[in-house]
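Since every read-out is calculated from the coordinates, none of them should be taken as a lab result. Keep in mind that what you see is a predicted model, and the values were worked out from it rather than measured. In this analysis, Cβ positions are derived from the backbone assuming ideal geometry, glycine residues included, and neighbour counts consider all displayed protein chains.
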Amino acid sequence: MVNGESTFLKLVVSHRNAFKAHAFRATRGILMVIKRALITGITGQDGPYLAQLLLNKGYRVFGTYRRVSTPNFWRLQQLGIVNRVTLIPADLGDMASLLEAVTISNPDEIYNLAAQSFVGNSFDQPLLTTDIDASGATRFLEIIRHLNKKIKFYQASTSELFGASIENPQHEKTDMLPNSPYAAAKLHSFHMVRIYRESYGMFACNGILFNHESPLRGLEFVTRKISNSVARIKLGLQSELRLGNIYAYRDWGFAPDYVYAMWRMMQQPKADDFVIATGESHSVAEFVEEAFSHVGLDWKKYVVTDQRLHRPLDVHQLCGSPKKATAAFGWKPKVTFKQLVKIMVDADFDRWQQYIAGKSFPWDAPNYSHEMDILSRNVVRDAQKEAAKKPKKTVTQKILQVLNGNARV
């Protein structure tokens with residue numbers, strides 16, 4: 001660890017009690033503690049679904065996001081929760097911002113979902129991928145070790161870890177032979193989670209999630225590229241769909257099913273690693289055929305294979321066994337492969353119909369609206385300065401007010 005990071009850790013440790021916050025609610029006259037969760041990557045596919053699940057379970061939810069010129073809050077907006085979560089600017093590559101996020105949110109649980117998660121891009125940006133996907137998790141583990149080892153930590157791992165492994169289906173004990181910079185970086189974080197769990201007694205677990213999709217998936221992923229293109233072709237807005245290797249096989253599930261598994265892992269009496277998968281493998285060609293068939297079209301008339309879209313080194317087949325998760329906490333997928341394809345195609349078809357009708361897309365999200373609950377270092381600092389002029393009891397109350405979302409930011 002560099003001296004700057006070490007110094008900052010010591011500084012935060014020395015002042016952490018000033019930021020401690022506890023939220024309570026009364027239910028039938030009984031005072032109950034509200035759990036607090038910090039989700040990194042809350043603007044991605046899984047983050048909003050997980051946030052929605054936790055909110056429905058009574059959590060206070062904080063989420064980190066990267067400040068960019070064009071905000072990416074459309075998924076939170078689509079689920080109707082953009083104003084129900086507290087957003088904190090942070091970046092996995094910046095230790096200071098992560099410390100700030102943890103100190104401000106004071107979480108019981110951290111779900112590290114943020115990543116450079118596009119496999120193809122990891123070949124173009126291997127160093128960035130390594131720093132974010134490998135070192136990012138380690139930064140969080142160090143923060144927890146210094147601040148509060150009672151914080152539970154979930155690391156979003158991936159089926160890409162198995163890579164060139166010939167065992168089928170893959171499970172927790174299968175050899176891990178990554179075939180991309182993305183998978184190699186994720187393998188590093190996988191082992192760091194295990195090492196910190198065993199060395200420091202921390203509750204840290206890996207969710208080895210196989211491919212999981214939804215209408216909130218980004219367009220750079222093949223499943224969403226297919227569903228979006230099929231909708232556009234059906235409506236006469238596009239003439240062809242260009243794809244790379246259509247004979248790669250993947251185990252595809254439905255994202256909301258998988259975020260439920262994340263939460264269940266964190267509720268176990270002892271931290272452990274789990275494979276989350278459907279146990280079925282389907283090719284990209286099958287996904288394509290099912291999608292076109294759903295709208296009454298022959299996929300062979302529209303699909304063009306493009307060698308430029310092939311990866312330098314690809315994984316031929318991935319299929320996972322969720323038996324350990326099923327035995328431990330009863331998890332099973334609810335949405336089938338065919339249902340998943342239908343859900344995604346229908347969602348994109350509806351979006352493009354709205355576009356034709358002159359309505360806005362769901363990703364036309366607000367640009368840092370004043371109605372959004374964004375909590376940054378400056379907000380906490382200003383609250384401290386204001387409260388410092390008053391008696392000590394009032395200082396604590398003011399900080400708690402800001403951290404618990406009872407003050408306007």
List the residues whose amide H sits under 5 Å from the amide H of Y249, counting only those 5 or more places along or on another chain, with H placed 1.01 Å from N in the peptide plane.
Q317, L318
How many percent of Cα pairs in the stretch 111-194 exceed 20 Å?
35
Shape descriptor, the stretch 122-251: equivalent ellipsoid semi-axes (Cα gyration tensor, sqrt 5λ, whole Å, largest first) stand at 34, 17, 14
Any idea which of G41, Q317, W263 is furthest toward the positive side of the dipole for the stretch 27-375, if Lys and Arg beta-carbons carry +1 and Asp and Glu beta-carbons -1?
W263
Step through the residues of the stretch 285-296 one at a time and calculate ³J(HN,Hα) from phi using the Karplus curve (6.51 cos²θ - 1.76 cosθ + 1.60, θ = phi - 60°), rounding each to whole Hz and writing x for Gly and Pro.
4, 5, 4, 4, 4, 5, 5, 5, 4, 4, 9, x
Per 0.36 nm of contour for each residue apart, how much would the distance between D131 and R242 grow if the chain were fully extended, relative to their Cα-Cα spacing?
36.8 nm
Based on DSSP, what percent of beta bridges with both residues in the stretch 27-375 are antiparallel, to the nearest 5?
10
Mind listing the long-range amide H neighbours of I276? Cut-off is under 5 Å, sequence gap 5 or more, other chains count too, H placed in the peptide plane at 1.01 Å from N.
I208, L209, F210
Short version: ³J(HN,Hα) in whole Hz for each residue of the stretch 81-91, in order, from phi by Karplus 6.51 cos²θ - 1.76 cosθ + 1.60 (θ = phi - 60°), x for Gly and Pro, what are they?
10, 4, 9, 10, 10, 9, 9, 10, x, 6, 9
So, counting K/R as plus one and D/E as minus one, what does the shell of residues with Cβ under 10 Å around K324 add up to?
-1
When the Cα centres of the stretch 60-102 and the stretch 171-235 are compared, how far apart do they sit, in Å?
20
Cut-off under 5 Å, modelled amide H: who pairs with G163 long-range
L177, N179
Quick one: Debye curve from the alpha-carbon atoms of the stretch 27-375 only, equal weights, vacuum; give me log10 I(q)/I(0) at q = 0.07, 0.09, 0.10 Å⁻¹ to two decimals.
-0.29, -0.49, -0.61
About its Cα centre, what dipole magnitude does the stretch 27-375 give when the only charges are +1 on Lys and Arg Cβ and -1 on Asp and Glu Cβ, stated in debye to the nearest 20?
880
Report the Stokes-Einstein translational diffusion coefficient (µm² s⁻¹, integer) for the stretch 52-105, Rh taken as the Kirkwood radius over Cα pairs, at 10 °C with viscosity 1.306 mPa s.
131
Above-threshold pairs, the threshold being 25 Å between Cα atoms, out of K225/K359; K149/K332; K35/K342; K225/K342:
K149/K332; K35/K342
Among the aspartates and glutamates, select those whose C-alpha is under 17 Å from the C-alpha of K301, and discard any that sit fewer than 8 residues away in the same chain.
E240, E286, E289, E290
Leading residue at positive end of dipole, the stretch 27-375 (Cβ point charges), from I88, I151, A204
I151
